[in-house]
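Here is the structure we will look at.
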Amino acid sequence: MIKGGFTPDGYLCGSGPQDAMGSRLSHNIIAENAQVVMARFQGEILDAAPRCSETLLYATLRDKLRTTHPMKIYTRTGDNGETSLFAGGRVRKSHLRVETYGTVDELNSWLGAVRAGGLPPQADAWLERIQNELFTLGADLATPLDSNPAWLVRMESGPTATLETNIDQMDAELEPLRAFILPGGTPAAAALHIARTVCRRAERACVALAEHEPVNPAAIQYLNRLSDFLFTLARWVNLKAGESETKWTARS
């Protein structure tokens with residue numbers, strides 16, 4: 001069983017995943033250190049902790065740490081070329097699983113760059129939602145299917161269905177596509193095309209990973225649909241900006 005506890009400067013330490021704010025947490029650590037947790041934050045969770053689930057206790061502690069402790073940016077634990085998976089265990093940084101969720105992270109960064117450049121409000125809202133979904137996807141891909149901690153949220157079919165609805169909404173305004181178009185147009189549309197190709201690369205990595213070990217099928221489906229969404233969004237952003245599309249002209 002994994003052990004952990006608070007360091008003198010107030011961080012929760014131990015072998016386990018990093019949550020979104022950088023504190024190293026796991027359901028094992030919290031289960032074994034309930035007394036440590038309660039002693040530190042007794043005014044807020046002392047009464048609830050003995051009778052709440054690990055999931056609720058994890059969430060309570062996580063939220064408390066978010067408001068009281070800054071992130072630890074460097075840990076030195078990866079200096080030998082290894083990294084921790086989300087629910088525990090370590091692999092080489094060259095591992096295909098790390099390549100897969102690392103590419104998802106790259107995609108998320110591109111979407112942040114697209115949003116920073118300015119978009120129609122609807123497009124910005126869609127991308128904000130998708131950036132949050134990509135964090136869920138990354139956590140899913142960073143956790144082997146045979147490890148299923150109670151606090152992990154895995155990808156489901158709902159986000160993929162929402163992408164399809166968004167694509168249909170944009171397609172209703174776009175001219176039917178009858179030829180290949182060159183990536184480009186406005187700076188935002190051009191960046192969306194880059195994001196689309198990164199999404200395709202993430203999907204290929206995910207499919208390759210699935211050839212070696214089980215992967216959540218909803219993860220692959222989501223990436224496949226997301227690239228379609230990003231292609232359609234690039235066209236829609238050009239439409240809203242009054243930018244014409246350039247069709248591919250094949251040499252005769």
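Just so you know, all these numbers are worked out from the coordinates, no wet-lab data involved. These numbers were taken from a predicted model, which means no experiment stands behind them. Heads up, the Cβs are rebuilt from the backbone with ideal geometry, glycines too, and the neighbour counts pull from every protein chain shown.
Peptides 232-239, 176-183, 130-137, ordered by how many other C-beta atoms sit within 10 Å of their residues on average, highest first, read 232-239, 130-137, 176-183. Taking the Cα centre of segment 90-240 as origin and assigning +1 to Lys and Arg Cβ atoms and -1 to Asp and Glu Cβ atoms, the resulting dipole is close to 440 debye. Roughly speaking, what is the centre-to-centre gap between segment 98-119 and segment 144-191 when only Cα atoms are used, to the nearest Å? Between the Cα centres of segment 98-119 and segment 144-191 lies a distance of 13 Å. Which is farthest toward the positive dipole end of segment 90-240 among Thr136, Pro217, Val114, measuring Cα position about the Cα centre, with Cβ charges +1 (Lys, Arg) and -1 (Asp, Glu)? Working it through, the farthest residue towards the positive pole turns out to be Val114.
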